[in-house]
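The values are calculated or read from the model by the stated rules, or taken from the named source; none is laboratory data. Model, not experiment: these values are computed from the prediction. Note that each Cβ is placed from the backbone with ideal geometry, even for glycine, and that neighbours are counted across all protein chains shown.
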């Protein structure tokens, strides 16, 4: 019983560390990109250059993709092959095996 409780504690602690890591990543993303965008806005205002050029937002976009994958990993969001999908596939193949075995009885 003690080993089981210890395993639960370790899993919970690991999960909290993952969440904490994601939230720190999100905070750094917001702060750094805010700083970058303010600098771009100030520099384009002085040069009469357009603020809305794609090059200015490339870092925000690319880093956002990385942040999205981090969120998918931490929160277990997988629209294609999630836990529900896996359970449905297991049930499907178990049913198929059962039907096959009934054919030969």
Practice task
Could you check, for the range 84-95, whether at least one of its residues is surrounded by fewer than 11 Cβ atoms within 10 Å (Cβ to Cβ) and either at pLDDT below 75 or at positive phi (or both)?
Solution key: yes
Handout entry: Pairs with Cβ under 8 Å, 6+ apart, first in the range 49-78 and touching a residue at least 40 places away in the same chain (Cβ under 8 Å), second part of a loop (DSSP other than H, G, I, E, B) and surrounded by 11 or more Cβ atoms within 10 Å (Cβ to Cβ)
Key = none
Problem - Residue check, residue 19 in contact (Cβ under 8 Å) with a residue 24 or more places away in the chain, surrounded by 10 or more Cβ atoms within 10 Å (Cβ to Cβ) and in a helix (DSSP H, G or I) - result: yes
Problem - Condition check for residue 51: outside any helix (DSSP H, G or I) and at negative phi - result: yes
Practice task
For the range 31-43, state whether one or more residues are surrounded by 10 or more Cβ atoms within 10 Å (Cβ to Cβ), in contact with a helix residue (DSSP H, G or I) (Cβ under 9 Å, 6 or more places away or on another chain) and in a loop (DSSP other than H, G, I, E, B).
Solution key: no
